[in-house]
Each structure stands twice: as structure tokens, then as C-alpha cells.
Amino acid sequence: MTSIQQRAELQRRIWAIANEVRGAVDGWDFKQYVLGTLFYRFISENFANYIEGGDDSVNYAALNDAAISPDIREDAIKTKGYFIAPSQLFFNIAATANTNDSLNTDLAEIFKSIEASANGYPSERDIKGLFADFDTTSNRLGNTVADKNKRLAAVLKGVAELNFGEFGDNQIDLFGDAYEFLISNYAANAGKSGGEFFTPQHVSKLIAQLAMHQQTSVNKIYDPACGSGSLLLQAKKHFDAHIIEDGFFGQELNHTTYNLARMNMFLHNVNYDKFNIQLGDTLEDPQFAYDKPFDAIVSNPPYSVKWIGSDDPTLINDDRFAPAGVLAPKSKADMAFVMHALSYLSSKGRAAIVCFPGIFYRGGAEQKIRKYLVDNNYVETVIALAPNLFFGTTIAVNILVLSKHKTDTTTQFIDASGLFKKETNNNVLLDAHIDQIMAVFDSKANQDHFAQSIPLEKIAANDYNLSVSSYVEAKDTREVVDIAQLNAELKTTVAKITELRAQIDAIVAEIEGEELNA
């Protein structure tokens with residue numbers, strides 16, 4: 001099955017599940033049940049494959065729970081980070097879901113057991129709370145136990161019927177595609193801003209390539225506002241040939257999305273000892289100060305959110321913000337995220353950050369921070385993207401690329417606002433568009449109406465304005481008019497009009513003469 005066929009089948013199946021539970025579960029809540037069930041199926045199959053070890057004579061799902069020795073259980077937890085008994089596997093639960101009168105409570109106990117299996121082990125922090133948003137006893141599923149079980153069974157059955165073979169062999173990003181489909185169909189209708197937690201895969205691919213450009217090995221990759229983990233995982237997906245030595249690090253403020261990010265890691269076969277996703281406010285309570293520096297940083301932080309800023313007098317002395325001598329405005333934390341990322345960046349790495357365009361031209365504290373960034377030669381490239389690439393906003397955002405190893409003092413500006421393909425609800429970047437951006441990013445060549453490298457002095461003279469439109473002249477798409485030809489045509493037209501008027505006057509005079517003679 002091709003990637004297009006797999007994606008279409010996934011969307012058809014999700015929509016079929018939605019029809020089964022329509023009217024009972026809010027679309028936004030429904031998203032959690034689909035993604036949670038996909039995760040439950042994946043870790044069940046992944047765990048069974050691990051136990052079976054490629055031996056076709058072993059069928060873990062058919063074994064009795066009592067047949068699993070304590071040694072096997074402990075070894076599995078140390079390796080995989082969790083334990084699932086045969087009777088708890090997705091396959092076995094889904095098989096009897098329609099006739100199980102205690103399905104909702106059985107699932108709740110299974111999820112509780114899986115999480116508890118990691119207690120006291122190094123993976124405890126990574127497993128704890130993974131199923132917190134998969135509330136099988138919630139009244140959102142129905143007022144009676146029977147209603148809850150009916151709808152849970154529909155979701156289990158729908159996910160069970162996804163027939164893509166092994167999860168790891170899929171041509172698509174199953175979890176990411178499911179999330180993207182659910183957000184695009186439900187976020188706007190539900191009035192939710194879920195798009196802020198998810199960077200579309202095509203944009204993620206560009207950001208990952210920018211951050212990892214020309215690096216064959218990085219110590220680790222970091223996203224200070226990681227959402228569902230999509231940006232981090234694009235680095236893994238597109239750079240398997242590169243070595244990410246110490247794994248994936250991220251922090252997320254939203255608890256539900258924090259759980260999705262950890263699920264996403266497992267779904268992409270990133271073992272618990274190769275990722276570290278933390279819950280909390282990155283700006284006020286950063287979790288990875290002792291893990292920096294990072295060779296690659298990717299981020300799509302929330303646009304222009306409020307933060308504590310100058311209300312906390314200690315922040316001006318924080319080593320992340322102190323170098324600029326000023327804090328980002330309390331009403332707009334964008335530049336605080338930029339300074340945070342810069343502080344965590346290694347001397348050999350790059351940070352690629354999605355930014356709200358206003359931070360590149362507004363005055364005040366943001367201008368002072370831009371001055372610090374430019375004067376210290378940290379801004380490698382600013383890229384203007386097309387509008388409507390993200391869910392939940394039509395803004396034409398920019399990508400800021402930071403580097404601490406630039407070889408000259410120019411800053412590159414790329415106008416990629418014309419690179420997109422129009423789809424039903426959103427614009428998308430095609431691989432050809434990404435290749436075009438990456439080619440000019442790599443060469444740093446000047447191209448009329450597309451890319452220009454500007455010396456520091458010119459930027460300083462322009463009040464440290466970093467807007468792409470200030471340096472890359474937009475192509476004039478107006479029709480070129482040949483004035484000489486136009487004048488010639490006008491003379492011919494005027495002559496014809498004069499001749500017509502003379503003919504009309506002659507006819508009128510003739511008619512008037514006939515009337516007088518009559």
C-alpha cells in the first residue's frame with residue numbers, strides 16, 4: 001500500500017469511527033480516544049514482538065499470564081520501559097470488546113497496570129500518566145456503562161481494522177497523520193486552538209533540515225515548546241543516517257499535549273532511555289539547564305503569548321536573557337523563546353524557530369534584542385513562509401535560523417512566501433519547495449526576488465529591522481506595458497474615432513437636409 005493509499009485509508013477509518021460515536025463525544029475529546037487507542041495498539045504489538053523475538057513458534061498473545069516469569073517481566077521493563085501481560089494486549093481486548101460488559105473498567109485497570117509496571121524503574125517518569133487523558137469512565141462517552149462500552153468498542157474496532165501491517169513498516173507517520181486529520185476536521189469547528197500544539201509535517205521537515213544542515217552527528221536535539229513532539233520526530237524521520245547520540249529532549253506546558261509527545265516517541269520506536277520530555281513552563285521553569293548545550297534546536301513556540309517578564313526581577317539576571325540587557329515584553333514572549341533557544345545552542349549547532357513576523361520589525365525591547373542578536377552575529381537566516389500553512393492561523397510566519405559558527409557577518413533573507421500548493425483548508429509546502437529553500441540556504445547565493453545576503457552594517461542602519469520584505473524586493477507581477485506601442489495604438493484609435501464621427505456627421509446632415517426638402 002502506497003503512502004497516499006495508507007493516508008486515505010487512515011482518514012476513512014477515523015471518519016468511520018467518528019460516525020459511530022457522533023453526537024456523544026465532542027470532536028475535540030474524540031481526538032484523545034483515537035490517538036490513545038492507536039498508542040495502545042502500537043505498544044501492545046511492539047511489546048509482543050519484543051517478547052517473541054522473531055520466533056514464529058511463539059505467540060505471546062495466546063499465552064497465559066501466569067506463564068510469564070518474574071525474570072521475563074523484569075527484563076522487559078528494564079528494556080522496553082513497561083510490561084503488558086498477554087491478557088492485556090490490544091488484540092485480545094479488541095477481540096471481545098463488543099461483548100465485554102465491563103470494557104470501560106477493564107481498560108482503566110489495564111492502563112493503570114501498564115503505567116504501574118514502571119514504578120521503581122528508570123522509565124517510571126516516562127511512562128507515568130501516559131493514559132491520563134484516555135478516561136474510559138468519563139460521562140463524555142455516555143451516561144450509562146452500556147453507552148460507554150458501546151462507544152469504546154467502536155473506537156477499538158475501528159483502530160483494530162487498520163491494516164497497515166507492522167507499525168514500523170508504514171509508509172506514513174501514522175500518529176502524526178491521524179493527529180493532523182483530527183485537528184483539521186475538529187479544531188476549527190470545536191473552537192479549539194489545537195493547531196498551536198502541532199506543526200504540520202511538511203513545515204516540520206523544513207525546520208528539521210535547517211537545524212540539522214551539514215551535521216552528520218549531533219549530541220542531542222531539543223524543542224523548548226515541543227507540543228506533540230512532531231518537530232523532534234521529523235529529525236529522526238529524515239536523518240536516520242545521522243547520529244543523534246543522546247536522544248530527544250523537549251518541554252511542554254500543556255499536560256494533554258505533553259502526554260501526546262511521550263506517546264509519539266514510543267510510536268516512533270524511540271525508547272524511553274533515548275528521550276526526555278518534561279512538563280512545565282519553559283521560560284519560568286526550564287528543565288534542561290544541566291543538559292545544554294544542544295547541537296540542534298527546533299521549535300514552534302506559541303505566538304505572542306503573555307509571560308511574567310519584568311514582573312520577576314530575577315529574570316534580567318538569568319543567563320538566558322541577561323546578555324541582551326532587556327527582557328521581552330510581558331505581552332509578547334516571542335523573543336524570550338528566541339533568547340532561551342540561543343542560550344541552549346552549542347557552538348557547532350543551529351536553532352530553527354518558527355516566529356511571529358512582528359518580532360522582526362517592532363520597536364522597544366524587541367528591537368534591542370534584535371540588535372544584540374545581529375551585533376553578535378547569531379542570525380544566519382530569516383525565511384518568510386506562505387500564509388495559511390498552519391492549523392488555526394492564516395498568518396504568514398517566518399523561520400529564524402540562529403547559529404554560533406557563522407563565517408561572515410552577513411544575514412541571509414529568503415522570501416519563500418510564493419512557495420506553496422493550495423489544498424482544501426490549508427496551503428502546503430511540497431518537497432520541491434523545501435529543496436528550493438534548502439538549496440539557497442546552503443549556497444547563500446543572491447537570487448533576485450528570492451534571496452539576499454545583507455551585511456551587518458546595512459541592517460544596523462535600518463534600525464535592525466529583520467523583515468524579509470525590507471531586503472528582498474518582491475517581484476513586480478504587473479503586466480509590462482510598451483508605451484510607444486500603446487501611443488501608436490491610441491493614435492490609430494483616435495483617427496478611427498475621428499473618421500467615424502465625420503461619417504456620422506455627414507449622415508446626420510444628409511438626414512436633416514432631406515427633412516427640410518420635404
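Can you tell me how many residues in the stretch 65-96 are touching a residue at least 12 places away in the same chain (Cβ under 8 Å), polar (S, T, N, Q) and within 26 Å of Val155 (Cα to Cα)?
Residues flagged as touching a residue at least 12 places away in the same chain (Cβ under 8 Å), polar (S, T, N, Q) and within 26 Å of Val155 (Cα to Cα) within the stretch 65-96 amount to 3.
Among the residues of the stretch 466-482, count how many are modelled with pLDDT of 85 or more and either hydroxyl-bearing (Ser, Thr, Tyr) or open to solvent by 90 Å² or more (accessible area, probe 1.4 Å) (or both).
5
To keep it simple, each residue is scored yes or no on (1) among the β-branched types (Val, Ile, Thr); (2) in a loop (DSSP other than H, G, I, E, B); (3) out of contact with any strand residue (DSSP E or B) (no Cβ under 8 Å at 6 or more places or on another chain); (4) open to solvent by 20 Å² or more (accessible area, probe 1.4 Å).
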| site | (1), (2), (3), (4) |
| --- | --- |
| Ala66 | no, no, yes, yes |
| Ile72 | yes, no, yes, yes |
| Thr79 | yes, no, yes, yes |
| Phe83 | no, yes, yes, no |
| Asp106 | no, no, yes, yes |
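Scan (1) over 21 Å from the mean Cα position of the chain (by Cα); (2) more than 20 Å from Ala208 (Cα to Cα) for the single condition Pro293 breaks and write down its number.
Answer for Pro293: the failing condition is (2).
Output the number of residues of the stretch 308-333 satisfying the condition of being in contact with a helix residue (DSSP H, G or I) (Cβ under 6 Å, 6 or more places away or on another chain) and open to solvent by less than 60 Å² (accessible area, probe 1.4 Å).
So the answer is 7.
In contact with a Lys or Arg (Cβ under 8 Å, 6 or more places away or on another chain), closer than 19 Å to Ile244 by Cβ and without any contact (Cβ under 8 Å) to a residue 60 or more places away in the chain: which single residue out of Ser347, Ser310 fits that description?
Ser347
From the residues in the stretch 334-361 that are open to solvent by 10 Å² or more (accessible area, probe 1.4 Å) and aromatic (Phe, Trp, Tyr), which one is farthest from the chain's Cα centre (by Cα)?
Tyr361
Restricting to the stretch 85-104, what's the tally of residues that are open to solvent by 60 Å² or more (accessible area, probe 1.4 Å) and under 18 Å from Phe134 (Cβ atoms)?
1
How many residues are open to solvent by less than 30 Å² (accessible area, probe 1.4 Å) and over 18 Å from Lys128 (Cα atoms) when one looks only at the stretch 47-64?
The total comes to 3.
Can you tell me how many residues in the stretch 267-286 are out of contact with any strand residue (DSSP E or B) (no Cβ under 9 Å at 6 or more places or on another chain), touching a residue at least 60 places away in the same chain (Cβ under 8 Å) and either within 12 Å of Cys226 (Cα to Cα) or open to solvent by less than 30 Å² (accessible area, probe 1.4 Å) (or both)?
Residues meeting the conditions: 2.
Is it the case that the stretch 472-492 has a residue that's within 23 Å of Asp375 (Cβ to Cβ), of a type outside the set (Gly, Ala, Ser) and in contact with a helix residue (DSSP H, G or I) (Cβ under 9 Å, 6 or more places away or on another chain)?
No, there is no match, as no residue in the stretch 472-492 is within 23 Å of Asp375 (Cβ to Cβ), of a type outside the set (Gly, Ala, Ser) and in contact with a helix residue (DSSP H, G or I) (Cβ under 9 Å, 6 or more places away or on another chain).
The values are calculated or read from the model by the stated rules, or taken from the named source; none is laboratory data. Remember, it's a predicted structure, so these values are computed and weren't measured experimentally. Positions of Cβ are generated from backbone atoms using ideal geometry, with glycine treated the same way; all protein chains shown enter the neighbour counts. Heavy atoms of the whole protein, side chains included, go into the accessibility calculation; ligands, DNA and RNA do not. Shrake-Rupley method; radii C 1.70, N 1.55, O 1.52, S 1.80 Å.
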